[in-house]
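For reference, the structure discussed in these notes is given below.
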Amino acid sequence: MKHQIKIISTDLIDRFEGTVQFEINGNIYSGFFCGEEFKAGQLIEADLGHLEYGLDWDVIFNENKNKEVKLEQASDSEWSYYGYGKIKSIDPIITDFGDIQLDLGYWTNDQNVIGEYIYWKVERLDISTNND
């Protein structure tokens, strides 16, 4: 899903791989990138994806008791997040996490989950400007 973001800083592993801090709506996030070059101050349109951490159905649908819509940074990695969101659509499952909307794949085709609040663990937030 495309997002308008501002690059704050990068921490390179090599020339085209590393982590990047970026801003959306005044909030700062960190993500991993590969095969790209970002510069501080850039305003770009980027896709945000993720590696997920496998969770049981009961955890997904019962751990967002307060019906929140946000990503909260996890303590185990600079680009890991606890996601509290609302399912907007399925096929694929698109979930609103506030500043960020993520495609969560195809793990259900039950129309009844649309509008449900969920908990999701983002193992790694990825950022890309590639169109593939």
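The values are calculated or read from the model by the stated rules, or taken from the named source; none is laboratory data. The model shown is predicted, which means the values in this text are computed figures rather than measured ones. No Cβ is skipped: glycine too gets one built from the backbone with ideal geometry, and neighbour counts run over all protein chains shown.
If you go through segment 114-132 and keep only what is crowded, with 17+ Cβ neighbours inside 10 Å and either of a type in the set (A, V, I, L, M, F, W, C) or touching a Cys at 6+ places or on another chain (Cβ under 6 Å) (or both), you end up with 118, 120, 122, 125, 127.
A single entry from 55, 12 fulfils the requirement of being modelled with pLDDT under 95 and closer than 19 Å to residue 123 by Cα: 55. Determine, yes or no, whether residue 48 is surrounded by fewer than 19 Cβ atoms within 10 Å (Cβ to Cβ) and more than 11 Å from residue 120 (Cβ to Cβ). It is false that residue 48 is surrounded by fewer than 19 Cβ atoms within 10 Å (Cβ to Cβ) and more than 11 Å from residue 120 (Cβ to Cβ). Which of the residues spanning segment 50-77 are touching a Gly at 6+ places or on another chain (Cβ under 9 Å) and more than 17 Å from residue 116 (Cα to Cα)? Those that are touching a Gly at 6+ places or on another chain (Cβ under 9 Å) and more than 17 Å from residue 116 (Cα to Cα): 50, 52, 72. Considering the conditions (1) farther than 22 Å from residue 110 by Cβ; (2) surrounded by 15 or more Cβ atoms within 10 Å (Cβ to Cβ); (3) not acidic (Asp, Glu), residue 41 is excluded by exactly one of them, (2). Beta carbons closer than 7 Å, at least 6 apart along the sequence or on distinct chains, pair a first residue in segment 3-22 that is at positive phi with a second that is acidic (Asp, Glu) and modelled with pLDDT of 90 or more for 18/11. Let me confirm something: among 49, 41, 31, which residue is on the phi > 0 side of the Ramachandran plot and not aromatic (Phe, Trp, Tyr)? Selected residue: 41, the only one of 49, 41, 31 that is on the phi > 0 side of the Ramachandran plot and not aromatic (Phe, Trp, Tyr).
In segment 39-61, which residue that is in a loop (DSSP other than H, G, I, E, B) and in contact (Cβ under 8 Å) with a residue 60 or more places away in the chain is farthest from the chain's Cα centre (by Cα)? Per the stated criteria, the residue is 55. Of the residues making up segment 1-39, those that are touching a Lys or Arg at 6+ places or on another chain (Cβ under 9 Å) and more than 13 Å from residue 99 (Cα to Cα) number 5. Taken over segment 80-132, the criterion of being of a type in the set (D, E, K, R), part of a loop (DSSP other than H, G, I, E, B) and modelled with pLDDT under 95 is satisfied by 91, 110, 132.
Among the residues of segment 23-38 satisfying the criterion of being under 21 Å from residue 104 (Cα atoms), under 15 Å from the mean Cα position of the chain (by Cα) and of a type in the set (A, V, I, L, M, F, W, C), which is surrounded by the most Cβ atoms within 10 Å (Cβ to Cβ)?
33
When segment 62-104 is limited to residues that are of a type in the set (Ser, Thr, Tyr) and in contact (Cβ under 8 Å) with a residue 12 or more places away in the chain, the one that is farthest from residue 32 (Cα to Cα) turns out to be 89.
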